[in-house]
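First up is the structure itself, then whatever we jot down about it.
The values are calculated or read from the model by the stated rules, or taken from the named source; none is laboratory data. Given the structure is predicted, the values throughout are model-derived calculations rather than measurements. Don't worry about glycine lacking a Cβ; one is built from the backbone with ideal geometry, like all the others, and counts go over all protein chains shown.
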Amino acid sequence: EAGVAQSPRYKIIEKRQSVAFWCNPISGHATLYWYQQILGQGPKLLIQFQNNGVVDDSQLPKDRFSAERLKGVDSTLKIQPAKLEDSAVYLCASSLVTGNTGELFFGEGSRLTVL
Amino acid sequence: AQKITQTQPGMFVQEKEAVTLDCTYDTSDQSYGLFWYKQPSSGEMIFLIYQGSYDEQNATEGRYSLNFQKARKSANLVISASQLGDSAMYFCAMREYTGGFKTIFGAGTRLFVKA
């Protein structure tokens, strides 16, 4: 079974530039998550999709971050314009819709450096 | 308010000894799930163990066990017979229903296993 795929693995940009990250979840997983993990901290949930609908985006900085999940499969997270504090690893995860027992399956992450 | 608290930023353990990583949580839900994930230096998040709020027995998975004390709202991870490969960040996480199942993470504990 293929895991969660993310790209690119690494990205270096200058502040005020834009960047996009792509995620393809495990086949059949209806729930998709984007987490931001700043160095030395735990992952922070940015947005959660159930199929192609947004379940939670309360911590997504909507003035600069946007995300979509077309057709309920893969997803794109965009940052425009980027700030220095956006330097982090962006983790995509997916899970089956089984309530509380649903563990998350993570991709390898996309490491963003903003200069 | 912190929903997941991991009070140990770093822990050292001698190889082959057991170690306990602390986690306390805060929720008003009656039904919730507790997870532990491991994040090696390579960056991927690996699911270790799950405990449901209604489970009466403590969860075990190989060398990992979860010491669940519901009244104290604690869910400590016990690793027995530590191995050098256990050196990593460990994150406690909780899945609760707040308009949709959401998984939130603690700040993590870095474990160092000494030879």
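Which one is surrounded by the fewest Cβ atoms within 10 Å (Cβ to Cβ) among residues in the range A:27-53 that are facing chain B (nearest Cβ under 10 Å) and among the polar types (S, T, N, Q)?
A:Q41
Mind checking whether some residue in the range A:15-26 is assigned to a loop (DSSP other than H, G, I, E, B), more than 13 Å from chain B (Cβ to nearest Cβ), free of Cβ contacts under 8 Å to residues at least 60 places away in the same chain and surrounded by fewer than 19 Cβ atoms within 10 Å (Cβ to Cβ)?
no
Which of the following residues is more than 18 Å from A:R16 (Cβ to Cβ) and exposed (fewer than 14 other Cβ atoms within 10 Å of the Cβ): A:K62, A:K71, A:K83?
A:K71
Answer with yes or no whether A:V4 is within 17 Å of B:K102 (Cα to Cα) and β-branched (V, I, T).
no
Can you pull out the residues in the range B:71-103 that are within 14 Å of chain A (Cβ to nearest Cβ), surrounded by fewer than 18 Cβ atoms within 10 Å (Cβ to Cβ) and either of a type in the set (G, A, S) or more than 25 Å from A:T31 (Cα to Cα) (or both)?
Of everything in the range B:71-103, those that are within 14 Å of chain A (Cβ to nearest Cβ), surrounded by fewer than 18 Cβ atoms within 10 Å (Cβ to Cβ) and either of a type in the set (G, A, S) or more than 25 Å from A:T31 (Cα to Cα) (or both) turn out to be B:G99, B:G100.
Restricting to the range A:29-63, and then to whatever is at pLDDT 90 or above and among the charged types (D, E, K, R), can you tell me which residue is farthest from the chain's Cα centre (by Cα)?
It comes out as A:D63.
A quick yes/no check of all residues on (1) within 15 Å of A:V4 (Cα to Cα); (2) without any contact (Cβ under 8 Å) to a residue 60 or more places away in the chain; (3) within 14 Å of another protein chain (Cβ to nearest Cβ); (4) not in a strand (DSSP E or B):
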residue: A:V55; (1), (2), (3), (4): no, yes, yes, no
residue: A:A67; (1), (2), (3), (4): no, yes, no, no
residue: A:A82; (1), (2), (3), (4): no, no, no, yes
residue: A:E108; (1), (2), (3), (4): yes, no, yes, yes
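Return the residue satisfying two criteria in turn: it lies in the range A:84-101 and is in a helix (DSSP H, G or I) and at the interface with another protein chain (Cβ under 8 Å from one of its Cβ atoms), and of such residues it is modelled with the highest pLDDT.
It comes out as A:T101.
Could we say that B:T24 is in contact with a Lys or Arg (Cβ under 7 Å, 6 or more places away or on another chain), at pLDDT 95 or above, of a type in the set (S, T, N, Q) and surrounded by fewer than 20 Cβ atoms within 10 Å (Cβ to Cβ) here?
yes
What number of residues in the range B:104-115 are within 14 Å of chain A (Cβ to nearest Cβ) and either assigned to a strand (DSSP E or B) or without any contact (Cβ under 8 Å) to a residue 12 or more places away in the chain (or both)?
4
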